[in-house]
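Worksheet for the structure shown next.
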Amino acid sequence: MMAVKSLVNIPVFDLESEKRRWNNIYKVLSEPKPDIESTPRRAVWKKGKAVLWYHAAPEKKYTTPLFLVYSLLNKAYILDISEEGSVVGNLTKQGYDVYLLDWGSPGLENKDLTLDNYLLDYLEVAVKRALRHSDAKEISMVGYCIGGMLSAMLTSLTNLPIKNLVLAAVPIDYSNAIVPNKWVEALQNGTLNFDRFADAYEVIPSEFLYAIFMALQGFNIGPTVNLVTRANDQKYVDKWRNMDKWMKDAVTFSGAAFKQMMDELYKDNKLVKGEMKIGGKKVDLTNIKCSTLVITSTRDELVLESQSLPIMELISSEDKTYQHIEAGHVSLCLTGQFAYAIDPWLSARSTRLI
Amino acid sequence: MSETNPYDSFRQISIMLEKGLNGLLFQSINNNPLIQVTKIGIEANSRYIELLKRNRELMANYMNLPTKNDVANAVKQTMQAEEKIDILEEQIWNLQDQFTLATQEQNKVLGEILDFTKHIHMEWQKASQELAALTQVKSEFEQMKKLLEKEKKEPVLAAK
């Protein structure tokens with residue numbers, strides 16, 4: 001209805017604005033990708049390719065720091081894409097000290113890294129380091145996508161003092177996915193098996209992961225159309241270029257972890273059944289007793305709402321909240337909206353600085 | 001977006017087109033023959049990569065050249081060293097914590113000793129004050145004794 005209404009409108013072209021628009025589009029096409037300026041940060045700990053970043057709040061309001069965990073399949077700098085309007089930027093402005101674990105892009109030497117290693121040798125150690133560095137008694141975990149899944153798994157396994165758990169766009173149940181149902185069935189019954197593929201490549205090339213993301217999005221003309229439509233707005237163009245850089249800046253993935261994810265999660269759906277083992281111990285999500293917030297977004301093009309929802313039933317937390325917000329999988333992070341979505345819940349559950 | 005953006009209609013048509021095309025794509029790829037083709041493709045690609053890797057290793061071996069695998073193995077050693085340093089650092093933390101605890105305990109004991117010493121000091125002061133008082137009493141007694149002795153002597157003098 002709206003489209004029809006707009007179609008009837010006679011477009012008014014402003015020469016100056018059009019000049020700016022096409023000039024910007026030319027620049028986007030011809031110039032190199034922009035440098036991403038992060039919020040002020042300091043590396044607290046490094047291991048292999050992973051780095052634990054510390055973003056201090058300009059005016060600290062809470063003694064409970066936040067520990068952000070992003071997906072293993074994308075680069076973490078989407079959370080800190082600019083000083084203005086990024087998730088990390090907004091959270092620090094709200095008075096939280098933020099720790100961000102950047103997994104890095106594994107090289108051939110990391111080909112044997114499994115989810116067990118990522119959880120016990122990286123994530124758990126990093127949380128310990130953050131606790132030590134902040135001198136805090138408790139910490140809030142904030143996990144996004146696969147990072148959310150890892151955060152939930154760690155919370156159920158560890159003795160570390162995790163006060164709050166925030167999970168956004170988190171895939172827990174793999175009985176369904178955002179691919180056609182025959183492909184889901186093929187993955188589940190073993191017709192499509194990536195074991196040999198992962199062994200042959202050892203480290204899954206970033207081009208392969210990029211191709212998967214592109215394939216999942218189908219005819220993804222939306223971003224280009226948005227750019228043409230709003231290219232006369234310099235601020236939008238800058239943001240668009242940052243996002244474009246991130247989208248095309250794919251990561252590699254360790255072959256062992258890829259195999260584990262395909263077999264134990266996509267094929268056997270072990271996590272939700274309580275059969276997944278990490279470091280020889282069963283991951284029992286019912287062990288999660290801390291305050292938990294689960295967020296899903298309405299236009300998520302990568303993780304279905306039905307993949308996140310089962311966690312609400314599985315955890316034993318008495319204080320658990322579910323939010324379904326108006327955003328997309330990437331835009332939730334890109335716009336920094338995520339920080340505003342979690343702040344009211346989190347501020348009520350974080351210890352205030354006296 | 002502003003009301004007057006001349007590209008609004010273009011955007012809205014594109015969104016509709018994208019949605020339609022994606023729906024069509026979603027339905028059209030949902031078929032078993034395509035899955036079979038993908039499966040064969042994955043197998044063939046994996047076999048090709050395996051062959052390539054084997055030949056690459058063979059060639060590098062004949063030419064006595066290090067491969068990326070050798071570099072990766074060397075890096076693994078560094079990572080092991082890094083892990084060991086991390087473990088050592090954690091042990092130092094534990095030691096630090098234990099030292100802090102021990103120092104706190106020591107401070108507590110020292111505080112108690114200090115309190116005790118203060119208490120003794122006070123007692124000592126009290127005792128010395130009492131002693132001073134007693135000394136005064138004693139001297140007064142002696143003066144009284146002397147006076148008494150004087151008084152005793154006087155009648156003798158009078159008798160002379």
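Every read-out reported here was derived from the displayed coordinates using simple, explicitly stated rules and does not represent laboratory data. Since this is a predicted model, take the numbers as computed values, not measurements. Note: ideal-geometry Cβ built from the backbone for every residue, glycine included; neighbour counts use all protein chains shown.
Using only Cα atoms, tell me the angle between helix B:68-159 and the longest principal axis of chain B; keep it within 0 to 90° and round to the nearest 10.
10
Using packing as a proxy for protection, rank A:255-263, A:14-22, A:294-302 so that the peptide with the highest average count of other Cβ atoms within 10 Å comes first.
Result, highest mean first: A:255-263, A:294-302, A:14-22.
Cross-link candidates for residue A:60: which lysines have Cα within less than 23 Å, leaving aside residues fewer than 8 places away along the same chain?
Output for residue A:60: A:93, A:128, A:137, A:163.
For a footprinting-style exposure proxy, rank A:333, A:290 by other Cβ within 10 Å, fewest first. Before the final figure, lay out the partial values.
Details: A:333 29, A:290 20.
With the fewest neighbours first, A:333, A:290 line up as A:290, A:333.
Between residue A:327 and residues 5 or more places away or on another chain, which pairs have amide H atoms under 5 Å apart, with H built 1.01 Å from N, and which residues are they?
Under 5 Å from the amide H of residue A:327: A:298, A:299.
Straight-line reach only, C-alpha to C-alpha below 24 angstrom: list the lysines that residue B:118 could link to, leaving out same-chain residues fewer than 8 apart.
B:108, B:126
Show me the helices of chain A, taken as full DSSP H stretches, that run 24 Å or more along their long axis by Cα and average 1.6 or above in Kyte-Doolittle hydropathy. Write down the numbers at each step before the final one.
Details: long enough: none.
Membrane-span-like by this criterion, though nothing is claimed about a membrane: none.
Could you work out the relative contact order of region A:218-354? I mean the mean sequence separation of Cα pairs under 8 Å and 6+ apart, divided by the number of residues, in percent.
Details: 97 pairs, mean separation 23.8, N = 137.
The normalised contact order for region A:218-354 reaches 17 percent.
Could you work out the relative contact order of region A:40-348? I mean the mean sequence separation of Cα pairs under 8 Å and 6+ apart, divided by the number of residues, in percent.
23
In which sequence would A:88, B:109 go, from the one with the fewest C-beta neighbours within 10 Å to the one with the most?
In order of increasing Cβ crowding within 10 Å: B:109, A:88.
Taking the beta-carbon count within 10 Å as an exposure proxy, list A:197, A:253, B:10 from fewest neighbours to most.
On the way: A:197 21, A:253 25, B:10 16.
Result, fewest neighbours first: B:10, A:197, A:253.
Could you tally up the Lys pairs in region A:166-287 with alpha carbons closer than 30 Å? Skip any pair fewer than 8 positions apart unless they're on separate chains.
So the count of such lysine pairs works out to 25.
If one takes the longest principal axis of the Cα atoms in chain B, at what angle in degrees, from 0 to 90 and to the nearest 10, does the Cα axis of helix B:8-29 lie?
In chain B, helix B:8-29 runs at an angle near 80 degrees to the longest axis.
Once phi is turned into ³J(HN,Hα) by the Karplus curve 6.51 cos²θ - 1.76 cosθ + 1.60 with θ = phi - 60°, what whole-Hz value does each residue of region A:41-53 show in order, with x for glycine and proline?
Per-residue couplings from phi come out as 8, 9, 7, 9, 7, 9, 8, x, 8, 7, 10, 9, 9 Hz.
State the dimensionless ratio Rg/Rh of the protein assembly as shown (Rg: radius of gyration of Cα atoms; Rh: Kirkwood radius).
Looking at the protein assembly as shown, the ratio lands at 1.29.
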